[in-house]
Amino acid sequence: MSTTPSATVPTRPGPAPSSASSRTPRPPRALQVAAVLVALLCLLPLVVVLAKALEAGAGEAFSLVWRPRVGELMRNTLSLLALTGVLATVLGVGAAWLVERTAVPWAGLWRVAFVAPLAVPAFVNSFAWSSLVPGFEGLAGAVIVTTLSYFPFVFLPVAALLRSTDPGLEEASRALGNGPWRTFARVGLAQVRPALLGGVLLVLLHLLAEYGALEMLRFPTFTTAILDQFEVAFDSRSGSVLAVVLIGLATLLLTLEVLARGRTRYVAVGSGAARRPTRASLGRALPAALLGLAALAVLALGVPLWSIGTWLGRADQALEPVALGPALRSTLVLGLVAALVTTAATLPAAWLVARSRSRVALLLERVTYLAASLPGVVVALALITLTIGFARPLYQTTTALVVAYVVLFIPLAMVSTRAAIATVRPELADAARALGDGPVRTFVRVQAPLMLRGTLAGTALVFVAVTTELTATLLLAPTGTRTLATAFWDASASLDYAAAAPFAAAMVVLSAPLTWLLLRGGHEEPRP
């Protein structure tokens, strides 16, 4: 049976054709109101931090920012962004190309090895390296730890796109005499540019928000300085001014990503046929490629797991279950509650974006991403200011902590939920309503079962993120509440590595489903 050839060509967006069939019904007003309320909740920390910083006045704010210490923080932050961003890009793209576009053996094993480091929090990774290598700190240590912790954010989307992109353009390039390296540089990188830019943006935003790993490695950045201002100097005004600078950096990164992405996009022409790309032979370079992949896997995954296992063997087995039990229960309860609340808060905006590509819907979605780009310490600082000034009964309560989790992690639920809603055909709901079912009954009987799988994936991602969150939990958790992350931090801060190891191991075990979900979501092999 013959098939129509398919090619992927660059296009520039133009006006969409207008037709009656392309019009979507106006979403219910209740849905719009709920989405707006969630967006306002996400914007609340940003507004509070800006208002608190304005209280200092222009003169005091200028004096707080124009200091040698702030210049040092800026240099450290920009150096970390530049070095880690470049290294994570090189490692992520290089590993993805070797695994998906060359004849390197054991491709499935390498996929697991290069996504699994996401199950190890960066501050646990820094604990592992610091406990093994004396004097492991400063910029060099920070770059090594953050690169090994965050390069999977680049590897995962690039590898998934390389695996699913039609290889027609690359085959045409090779037919014109270009070798595999030149073909990938000129054609492959252009095709994966959206995924690459998105992955790099995630890496850079995580670096802005990182506290635990950098504090443990004694490398000060804006995030560590903001928390120090609050915990040591009890100066929320100075911390807010520094937070505004950090917000400006996050906004700049978001803007640069949009500009770098441009308006050109790649689309398929023709129905085509899904097929595996031709894998390039590495020839004599195969041993070097295997050695490089193995070294990366050992450094990113083997070192932290071996270090945790070593210190776990030295822990007091009689005392650790007593200390581990309450922290594990608190983590599970907070993770479950926050995941369910975040998923529920995500549904209105996700539904609007999936069903109505209006400017309002897109604006609401972008608001949630902007708020979530703020570090946990900034969100926590804003909620502390808000609760002390206007809602004192909520100060240091589980409610305030869950609100912080919602603001920080709503994009994790948004992506999966929006995709799940988009897969449900609107005609099914129309048919149910034609048979006499109301909106609620239609949603429960027809739409919810079809979108359940994708929605639960987003819920699980939020749960895993909550179990490893540190800075917001340190500032907002009720008195006496210890999670696995805060208990680990308390033990590692006193250099009691044996006592910290069980909490680190528990976080890795709870985070392991993230690896399975990510691999399951992006491991769709083309069919011949």
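Bear in mind these aren't lab numbers, they're just calculated from the coordinates by the rules spelled out. Only a predicted model underlies this, so the values are computations on that prediction, with no experimental measurement involved. When we count neighbours, we look across all protein chains shown, and the Cβ atoms used for this are built from the backbone with ideal geometry, even at glycine.
Can you tell me how much longer the chain between LEU456 and ALA107 gets when fully stretched, taken as 0.36 nm per residue apart minus their C-alpha distance, in nm with one decimal?
122.8 nm
At 0.36 nm per residue, and after removing the present C-alpha to C-alpha distance, how many nm does the segment from SER79 to TRP66 gain when stretched out fully?
2.8 nm
Roughly speaking, what is the stretch gain from GLN396 to LEU54, that is 0.36 nm per residue apart minus the C-alpha to C-alpha distance, in nm to one decimal?
Result for the pair: 120.6 nm of gain on full extension.
Under a crude label model (7 Å from the Cα following the beta-carbon direction), how far is LEU40 from LEU299 in nanometres?
5.0
For THR102, what residues show an amide H to amide H distance below 5 Å, using hydrogens built from the backbone and excluding near sequence neighbours?
Result for THR102 returns ALA280.
Convert each backbone phi in the stretch 392-405 into a coupling constant with the Karplus relation 6.51 cos²θ - 1.76 cosθ + 1.60 (shift: θ = phi - 60°), then list the ³J(HN,Hα) values in order as whole Hz, x for Gly and Pro.
Here the 3J(HN,Hα) series is 4, x, 8, 5, 6, 10, 5, 4, 4, 5, 5, 4, 4, 4 Hz.
Please list, in order along the stretch 383-391, the HN-Hα scalar couplings obtained from phi with the Karplus expression 6.51 cos²θ - 1.76 cosθ + 1.60 (θ = phi - 60°), rounded to whole Hz, x for Gly and Pro.
Coupling constants for the stretch 383-391: 5, 5, 4, 5, 5, 5, x, 10, 8 Hz.
Taking every pair of alpha-carbon atoms in the stretch 35-165, give the share separated by more than 18 Å as a whole percent.
Everything past 18 Å amounts to 69 percent.
Evaluate the distance, in nm, between pseudo-label points positioned 7 Å from the Cα of ALA285 and of VAL509 along their respective Cα→Cβ axes.
Roughly 4.3 nm, to one decimal.
For the stretch 201-216, what does the Karplus curve 6.51 cos²θ - 1.76 cosθ + 1.60, with θ = phi - 60°, yield as ³J(HN,Hα) per residue in whole Hz, taken in order and with x for Gly and Pro?
So the J values, rounded to whole Hz, are 4, 4, 4, 5, 5, 5, 5, 4, 8, 5, 10, x, 5, 6, 5, 5.
If amide hydrogens are placed 1.01 Å from N in the peptide plane, which non-local residues have theirs closer than 5 Å to the one on PHE219?
When sequence neighbours closer than 5 places are left aside, the close amide H contacts are GLY138.
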